Structure formats: C-alpha cells, structure tokens
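**Student:** Just passing along the structure, written as structure tokens.
The values are calculated or read from the model by the stated rules, or taken from the named source; none is laboratory data. The shown structure was predicted, so the numbers you read here are calculated from the model rather than taken from an experiment. Positions of Cβ are generated from backbone atoms using ideal geometry, with glycine treated the same way; all protein chains shown enter the neighbour counts. Heads up: the accessible areas ignore ligands, DNA and RNA and are worked out on the full protein's heavy atoms, side chains in. Shrake-Rupley method; radii C 1.70, N 1.55, O 1.52, S 1.80 Å.
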Amino acid sequence: MTDLPASSAGSATGVSEPATRATEKPMRERLVRLADHFKREWQIYVMLAPMIIWFLLFLYKPMYGLQIAFKDYSIFRGIVESPWVGWEHFETLFNNSQFLRAVKNTVIISALSLIFGFPVPIFLALMFNEILHALYRRTCQTIVYLPHFISTVIIAGIVITAFSPSAGIVNTIIGWLGIEPVYFLTKPEWFRPIFIGSGIWQEAGFSSIIFLAAIAGVNPSLYESAVVDGASRWQMMWKITIPSIMPTIIIMLIIRIGNLMEVGFELIILLYQPATYQTADVINTFIYRQGLQSGQYDLAAAAGLFNAVVAFVLVMTANSISKRVSRTSLW
Amino acid sequence: MSAVVLKDIYKRFGAVQVVHGINLDVAAHEFVVLVGPSGCGKSTTLRMIAGLEEISEGSLTIDDRAMNRVAPKDRDVAMVFQNYALYPHLNVADNIAFGLRIRRMKKDVIARSIIEVAEILGLTEYLDRRPADLSGGQRQRVAMGRAIVRHPKVFLFDEPLSNLDAKLRAQMRAEIRRLHNRLGVTSIYVTHDQVEAMTLADRIVVMNDGRIEQVGTPMDLFMNPVSTFVAGFIGSPPMNQFTGTLESDAEGASVTIGGARISLPDTVPSDPGRDVIIGIRPEYVSLAAGEASSPVAIKLDLVEPLGSEALLHAAIGEDPFIIKAETFGDVSHLSGLTEVHVPAAMVKVFDAATGRVLNRAAG
C-alpha cells in the first residue's frame, strides 16, 4: 500500500470535514428551531403529550417483550433470565402444519375481504352523495352505520341465529324454495363467505364516512363547471368524484394492506369451531390458542412477530408503489 | 340584436330576495361587466344566466330563445370560475378537452381543438402538466381555454382574476380583452374591481343590493354617475362627496362647504334650501385658478407621490378631500398648498334624500 502524500491526505480530510460540518450545522439549526418552536407553541406539545405517552406505554414498551420470540421463555425466569434460542421458534412454526394453515387462511380471508369489502364503503359513499333528499339520505346512513355500534358478541349472536338450521332466517328462506336446511356454521366452505359478509355488513357503512368526507371536500365548482360543459350525474361521478377522492381511496387501501395480516379474530373466535378450523383458523386465533390457552408465549410471540414483519413489508411496498404510480402516499 | 336579454329577473332563496327585478339587454359580441360590492347579486345573476341557479321570476333569453327551463348544457354558454375549477387529476390538454369529450366529439376534432386553443393562449408547452404544476396565470389561461374550446355563444366570467396578484391581474385583464377582440364572443363578466370593469367593458352594469344602479359605457359612468353609490364606486380614488344646502344668487347656484362657496353648473335646478350632496372627482380639482372655478381653502395632510401624479389627502373644514394632481414627478411645490380650484362644470349634484343625480346631462 502506498502512503498518500501529506497534501493528498490533507485534501482527503479536507473533503470530509466540511461535509460533516455541513450535516452538523443544519442538524444544530433544526434543534435550535425545534427548541424555539417548543418555547413558542408549548401548549401544542402539552396537548400532544398524552398521545405520545400512550404510544410509548402501550405500543413501544411492549416491543421490549418481542425478544421472547428468540428465547426459551419461562414466566418464572422472566424475560431477561430466559435463555436465547435463536430462530428455533420460527423453525417450529414453519414446521407446524396448523401455523401454515393459519397463514394461508389469513391471506385468503384478508384478500377476499379486501376484494369484496374494500369497494363497498366507496360505493355506499357515492350512493349517499347522489341521494338529494336530505331526510332519506340521513335515514339510509343511520341504517348502515348502526351495525358498527353493535358489540361483536351480539353480531356473532345475530349471525349464529340467522344461519341456524332450525330457526334461522336464511334456512327459513331456502326452506321456502324447497331446499333442505344447511348448518352453515359447521361447513368449512361456508365459513369465509359468512365471515366476510358479516364483516362488510358491520363495518361498510361506518367506513363510508371517510369517503363521504372526502367527497364533501371536492370543490363544488368542479361539478358546476361540468354541468355547464354538459356532464350527466353519472359522468360527474366517474370523471370528477371518483378521481377527486382517489388519494383518499389509495391511502385507505395502503392502510388496509398494512392490516392485511390482522383479521378481526374476535368474530372468528366467536364463530369458528373445530369443524371449520380448516378454513377459519387464522394467525391471530393460532396465537391466541398457543399463547393464552397452551401457555407457549415464546412461540406465540414468534408468530406475532412474523405477522408484524409481513404487515410492515406489505405497507412499505404498497406505499412505495402508490407513490410511484399515483403520486399519493402515506409518507 | 340582443344576445342575452334579462327581463324582470328576480331571485329568491327561501324568504330572502337577493335579486330584485333586473332588466338588461346584452348585445351580440358585446363585453358587459357586472360590477358591485360583495353581496349585490352580480354572481347570482351570472349563475342564473348559466343555469346554475333557477330564476325565481322573470324571463331569460339567449339569441331569442327562452332559457328559463333549459339545462345549462343546452344554453351554449361557457363559464370561467373564480377558482378556475380545473380538474386536478387531469393535465392541461385533458382539462381543455373535458367538455368536448363529454359531448362525445371525434378524437381528431378534439386533438385539433386542443392544439388550436393552446396556441391562442400560449399553453402549448404546458399541455402535459397538471394544474398543481402551473402558476396562477397559467391556470387562469387553462380555465379560459376550457371555455373557448367549445365555441359557445356566450362567455360568462365569475371574478376570474380575483385570485391573482396585482401585476398578473393587469396582464390577464389585457389578455382577456385581446381575446374578446379576437373572438368577438358575447361576454358577461362579474367583478367587484371597478378598475377591471373600466378597462374591460364595452358597457358596465353597476349593481347594488340586488338592483341595477346604472348601465353605461365606462366613461359615461365615470362622467355621469346617476347616484352617489355609482359616484363612489366608479373611479379610483372615488368621487369626493360633501353634504350641503343649495343656494342661489345672481352668480347662479352654489353650495357652501367648510366656508368655501362652490359654484355649481347651470344644469342644476334652482331650488334654494334643498339638501344636496355635491360630488367632485379628485382628477378634476385644479391647483391653479381657472375660468368658472371656485377657490377652496384646504388643509393639506399628506402627499402620496404616484410617479407622474400624486394623491393629496386634504380636508375642507372637517370633511376629507382627495385630490389627484399631475406633478410630473416633482411634489416639492405641494407642501405649502392651501388653496385649490373646483371647476363648476365638473361638480355633480345629488339629492341628499334619494342620492339621485340632479344634473345628469352635465360634465
């Protein structure tokens, strides 16, 4: 190796030093600006504090416990004292047919919910926007918002009753058509449609509020201009309303993709039974059974961490694709 | 032939009446500006012509065809909105073509029209850009492009320049007028800016509180305002107004303001003792004595140099008095000014009770 001449060495450091100073200076300036802003607008930071504390306590502090996914965890030894086992739990998970089935079910149920459930609130919002009679519109909105405010347990009760083979309305109706009663909730092939359908029924109305708000934000002049240009209501919906709320649709889609691995497991736990595990068991119900019912916290933590990493990758991917394709993104 | 005729037009929103029986004939190829303060009903009138608001009472015809029950799209009008109303998700070309595509015109016709309009408005190099990537002036041009591409019978402009800064507004004002001269389409333009009205219009319609105060050419309105409202609205700075009582002697009619006797034109009806408001345009006050002018003692408060002119803020007695004087850049001689001269022929006299002019034909 050849020694650099003194002048070259000097220039080499000379290049890096100002660069370091250049990055340091804005950082210092930024900190000074932040301090100034804090002094000036301290009330805003005080108002923000409860939310930040909530996040730290309930979302960030529990992350400390994630390490048990890599340990042979024992509640008697605690997190720190439990020995490290590396990727052992992940290997166990990926060799466990129940876990792989849960992953598959999660992906299928999420994807079907996304395909069938995501457009419904948009459609509802567009329809509400087209209803001109205020009282009629409010009545329709109340009817579709209402299921959101019903407890999941009651929703499950309604679903179980509706699909009951003896007194359920569904079997009564198909009975009129001369078809034998079906015990839907014990049939694996019926679980997903029932689960997804009841999810849409419960949440689509309430989810439409955000799209209605986006529609309300569309500049009324755009419609007036289109009216003068000769656009029909249908054309205005397709050419103005939908493109105008597209950023909101994309943001909601990204959020939804980020939650793709989070299937609403309360309703599944309330509706599924061993006969339908084949199509109903998802990662979260698997974690619930392994972690809480079987006491395998470390294995459940590994499954949860896997779930979170996949969700993180999905949301990052969706965000970056959206940014490139539509100029709309979460960050 | 009148292109647009409004006859006894009323507009009511529930129990509130905002337009009170407007009558207006707009001739073909004419550029008419509706001007007035906020809430005077000018935009509502324009929207009724466009079909965006229903007409409560009265009749509207465009090219002799009754329009009250005709949908906006069938009125053959195009409107330029205050906030441009450009579709943010479409680029300039698609924004311009929107109305043509809605009408399912042929693709090659649309493409030709876009190029033609873009050339007229200097938008050729921006056709692929979205509105968010354009300046205010460029957006305004796109909005106009969307209107002219359809070759409508009537252009309607609803305060299209009010979102622009002063310099750009002046530039766009000239462009709109040039465009009108070139295309010759009947245009109705709403603004609250009297400078825009004066510079753009063939005729100005001054509106106040849902009624037409006066219709006339810009110079007619400037020289012969029919009311104190028009006198105060048209002209910048507005006409000075003083209240007084008519006097009459051998030298003719006069009014005494702040101790100064101001001679009035011969056209003022002799009615001594009548309460009147006299109006003096800041531009018509003379610094030097002239024939048939009244000397008036003033207290000069402030001189605002404007380049070749200056605005002098003074007072006659306790009443403020603004004078616009030609200075050719030198205001040094104005500091000691104590007296100005008001030519009798240039004084407008209004009835104090009604605010209506008493010497209409003068000036």
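**Student:** For segment B:111-130, what are the residues that are surrounded by 15 or more Cβ atoms within 10 Å (Cβ to Cβ) and either farther than 20 Å from B:PRO152 by Cβ or within 13 Å of chain A (Cβ to nearest Cβ) (or both)?
**Tutor:** B:TYR126, B:LEU127, B:ARG129, B:ARG130
**Student:** From the list A:ILE196, A:ILE209, which one is open to solvent by 50 Å² or more (accessible area, probe 1.4 Å) and under 18 Å from the mean Cα position of the chain (by Cα)?
**Tutor:** Answer to the selection: A:ILE209.
**Student:** I'd like the full set of residues that are of a type in the set (Val, Ile, Thr), under 20 Å from B:ALA201 (Cα atoms) and free of Cβ contacts under 8 Å to residues at least 60 places away in the same chain, limited to segment B:130-176.
**Tutor:** Within segment B:130-176, just B:ILE176 meets the criteria.
**Student:** Test A:GLY65 against the criterion of being open to solvent by less than 100 Å² (accessible area, probe 1.4 Å) and farther than 30 Å from A:ILE242 by Cα, and give yes or no.
**Tutor:** Judged against the criteria, A:GLY65 is a match.
**Student:** Would you mention how many residues in segment A:53-110 are without any contact (Cβ under 8 Å) to a residue 24 or more places away in the chain, in contact with a helix residue (DSSP H, G or I) (Cβ under 8 Å, 6 or more places away or on another chain) and closer than 26 Å to A:ILE268 by Cα?
**Tutor:** Residues in segment A:53-110 being without any contact (Cβ under 8 Å) to a residue 24 or more places away in the chain, in contact with a helix residue (DSSP H, G or I) (Cβ under 8 Å, 6 or more places away or on another chain) and closer than 26 Å to A:ILE268 by Cα: 2 in total.
For (1) over 19 Å from B:PHE229 (Cα atoms); (2) among the hydrophobic types (A, V, I, L, M, F, W, C); (3) open to solvent by 60 Å² or more (accessible area, probe 1.4 Å), each residue gets a yes or a no:
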position	(1), (2), (3)
B:ILE280	no, yes, no
B:LEU311	yes, yes, no
B:ILE323	yes, yes, no
B:PHE328	yes, yes, yes
B:LEU334	yes, yes, no
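**Student:** Would you check which residues across segment B:342-358 are surrounded by 16 or more Cβ atoms within 10 Å (Cβ to Cβ) and assigned to a strand (DSSP E or B) and list them?
**Tutor:** Those that are surrounded by 16 or more Cβ atoms within 10 Å (Cβ to Cβ) and assigned to a strand (DSSP E or B): B:VAL342, B:PRO343, B:VAL347, B:LYS348, B:VAL349, B:PHE350, B:ASP351, B:VAL357.
**Student:** Would you mind stating whether B:THR186 is open to solvent by 10 Å² or more (accessible area, probe 1.4 Å), polar (S, T, N, Q) and out of contact with any Ser or Thr (no Cβ under 8 Å at 6 or more places or on another chain)?
**Tutor:** no
**Student:** Can I ask one more? For the condition at the interface with another protein chain (Cβ under 8 Å from one of its Cβ atoms), over 18 Å from A:ILE240 (Cα atoms) and of a type in the set (Val, Ile, Thr), what is the one hit in B:VAL26, B:VAL70, B:VAL77, B:VAL32?
**Tutor:** It is B:VAL77.
**Student:** Scan segment B:272-289 and tell me whether some residue there is in a strand (DSSP E or B), within 30 Å of the chain's Cα centre (by Cα) and either modelled with pLDDT under 90 or at positive phi (or both).
**Tutor:** yes
**Student:** OK, next. Pull up segment A:261-284, narrow it to residues that are more than 17 Å from A:PHE90 (Cα to Cα) and among the polar types (S, T, N, Q), then point me to the one that is surrounded by the most Cβ atoms within 10 Å (Cβ to Cβ).
**Tutor:** Step by step, filter segment A:261-284, then rank; the result is A:THR276.
**Student:** Select, from A:ILE160, A:ILE245, the only residue that is within 14 Å of chain B (Cβ to nearest Cβ) and among the β-branched types (Val, Ile, Thr).
**Tutor:** Exactly one residue qualifies, and that residue is A:ILE245.
**Student:** When you scan segment B:314-341, how many residues do you find that are outside any loop (DSSP other than H, G, I, E, B) and either in contact with a Pro (Cβ under 7 Å, 6 or more places away or on another chain) or aromatic (Phe, Trp, Tyr) (or both)?
**Tutor:** Adding up the residues that qualify gives 6.
**Student:** Taking the condition of being at the interface with chain B (Cβ under 7 Å from one of its Cβ atoms), open to solvent by 10 Å² or more (accessible area, probe 1.4 Å) and either at pLDDT 95 or above or touching a helix residue (DSSP H, G or I) at 6+ places or on another chain (Cβ under 9 Å) (or both), how many residues in segment A:216-228 meet it?
**Tutor:** Selection size over segment A:216-228: 3.
**Student:** Just give me the residues in segment A:291-307 being touching a residue at least 24 places away in the same chain (Cβ under 8 Å) and farther than 19 Å from A:ASP72 by Cβ, in sequence order.
**Tutor:** Of everything in segment A:291-307, just one residue is touching a residue at least 24 places away in the same chain (Cβ under 8 Å) and farther than 19 Å from A:ASP72 by Cβ, namely A:ASN307.
**Student:** Quick check: is even one residue across segment B:139-162 more than 18 Å from B:THR186 (Cβ to Cβ), exposed (fewer than 15 other Cβ atoms within 10 Å of the Cβ) and modelled with pLDDT under 95?
**Tutor:** yes
**Student:** Can you name the residue in segment A:118-176 that is aromatic (Phe, Trp, Tyr) and over 14 Å from A:GLU203 (Cα atoms) and is also surrounded by the fewest Cβ atoms within 10 Å (Cβ to Cβ) among such residues?
**Tutor:** Out of the qualifying residues, it is A:TRP176.
**Student:** Continuing with this model, one more query. Would you mind finding the one in B:ASP133, B:ASP63, B:ASP108 that is within 12 Å of chain A (Cβ to nearest Cβ) and not aliphatic (A, V, I, L, M)?
**Tutor:** B:ASP133
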